[in-house]
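Everything on this sheet refers to the single structure shown next.
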Amino acid sequence: MTRLTTSFGFSSTADEVAHGIDLSGRRAIITGATSGIGVETARTLAATGAQVTLAVRNTAAGEATAADITATTGNEDIHVARLDISDRTSVNAFVQAWDGPLHLLVNNAGIMATPELERTPEGWEMQFATNHLGHFALTTGLHGALAADGNARVVVVSSSGHLISPVVFDDIGFHYRPYDPLVAYGQSKTATVLFAVEASRRWAADGITANALMPGAIATSLQRHTGGLKTPPERRKSPQQGAATSLLLATAPQLEGLGGRYFEDCNEAVPVSDGNGWASGVAPYALDTANAERMWEVSLRLLS
C-alpha cells in the first residue's frame, strides 16, 4: 500500500486545506465542537457550505458556538444537538433523532489522562468509554445514514498517545492491573485507530471510508489533567493548524475511497517499531487487521 502524501504539512491550517472545497448540500456531524480543534473543524466545514451539526454536552455553549460560526462564515445552516458521548442513553437518543443521509462524521470529542480510575455505570473505564466505545456506538448507530449518502467519510481524531499502549484485550477495564492515566489514554486512542481500520473493511461496499489522525500538540482543555501542554513551543500548533488534518480527511479528493489509515501533519504517518517518546508515527499494532476485527467484536459485545 503506497503511503499517501500531500502538499500540506505541519504548519498548514484547516482553511488552507479546505480552500476551494464545496460541500454545499452535504451534512456533517462533529462531536465535541464547543472547544479546541472541534470549533475550528466546524467553522471550516461551515465555510465550505456544509450543513453542520454540533453534537455537544453543553447545548448553551453549542448555541453560542453556532452563532459565532454563522457570524464568521455566513452559513446559517448550523445546528446544535445534545450528545454526551460517554452516556449510552444520550448516544442512543442522538442516533434515534437523526433523520436522512449523513456525508461526514467527525469523531472529535475526547478526554485525556483522568487522574483517578473512573467508570461509567456499565463499569467501563471512562477514557475507553469516551474516546472509543461511545464513538463506536454513535458511528455504528448512524451506519444507515452514512450508507444512504453513498460516499460518506468518518474522521476519527486519535493521538500519538496511541504509541503508549496497545489495547490490552485481557484487561481493557483495568480490573487486574494498576490504573495508569496515560496508559489508559494510549489504549483508548489505539482503539480508535483500530475502529477506522475495521469500519473501512466492513463498510467498503456501502461507500463508507474511515481514517484516523493525530491533530498535533494544541493547548486546549484536553490537557487539564496533565498540567498543561509539555511540548516545546516550536512543535505546538494553533487550533486552526490542529484542525487541518481533520479537514484533510474530511474533504481531500486524494482520499476518495481510501480508508483504514492514520495521518499526522496532513500526511499519512510512517510506521514505527517503538514509541519514540510518543512523538510521531503509527504503531503497527494500531493498524493490525486481526486486532481491528477483535476490537470490533469486543466493542459489540460490551454494548450488547
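Worth pointing out:
Results for (1) out of contact with any helix residue (DSSP H, G or I) (no Cβ under 8 Å at 6 or more places or on another chain); (2) over 25 Å from residue 209 (Cβ atoms); (3) free of Cβ contacts under 8 Å to residues at least 12 places away in the same chain; (4) not basic (Lys, Arg), shown as yes or no for each residue.
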| position | (1), (2), (3), (4) |
| --- | --- |
| 121 | yes, yes, yes, yes |
| 125 | no, yes, no, yes |
| 160 | no, no, no, yes |
| 173 | no, yes, no, yes |
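- Checked against (1) under 25 Å from residue 214 (Cβ atoms); (2) open to solvent by less than 40 Å² (accessible area, probe 1.4 Å); (3) not charged (D, E, K, R), residue 78 passes all but a single condition, namely (1).
- Among the candidates 89, 120, 114, 190, the residue that is open to solvent by 20 Å² or more (accessible area, probe 1.4 Å) and β-branched (Val, Ile, Thr) is uniquely 89.
- Taken together, the residues in the range 266-299 that are open to solvent by 10 Å² or more (accessible area, probe 1.4 Å), in contact with a strand residue (DSSP E or B) (Cβ under 8 Å, 6 or more places away or on another chain) and not hydrophobic (A, V, I, L, M, F, W, C) amount to 4.
- Check on residue 100, at pLDDT 95 or above, within 30 Å of residue 206 (Cβ to Cβ) and either in a helix (DSSP H, G or I) or under 19 Å from the mean Cα position of the chain (by Cα) (or both): no
- Yes/no for residue 223 being at pLDDT 95 or above and either of a type in the set (S, T, N, Q) or assigned to a strand (DSSP E or B) (or both): no
- The set of residues in the range 123-155 being in contact with a strand residue (DSSP E or B) (Cβ under 9 Å, 6 or more places away or on another chain), open to solvent by 10 Å² or more (accessible area, probe 1.4 Å) and not in a helix (DSSP H, G or I) consists of 151, 153.
- Restricting the range 259-291 to residues that are out of contact with any Gly (no Cβ under 8 Å at 6 or more places or on another chain), in a helix (DSSP H, G or I) and modelled with pLDDT of 95 or more, the residue that is nearest to residue 155 (Cα to Cα) is 286.
- The range 21-65, subset in a helix (DSSP H, G or I) and open to solvent by less than 10 Å² (accessible area, probe 1.4 Å), residue farthest from residue 244 (Cα to Cα): 62
- Among the residues of the range 7-20, just one is aromatic (Phe, Trp, Tyr) and either surrounded by 18 or more Cβ atoms within 10 Å (Cβ to Cβ) or within 14 Å of the chain's Cα centre (by Cα) (or both), namely 8.
The values are calculated or read from the model by the stated rules, or taken from the named source; none is laboratory data. Predicted model only: the values in this text are computed from it and were never measured. With ideal geometry, Cβ positions are generated from the backbone for all residues, glycine too; neighbour counts draw on all protein chains shown. Calculation scope for accessible area: heavy atoms of the full protein, side chains included, ligands and nucleic acids excluded. Shrake-Rupley method; radii C 1.70, N 1.55, O 1.52, S 1.80 Å.
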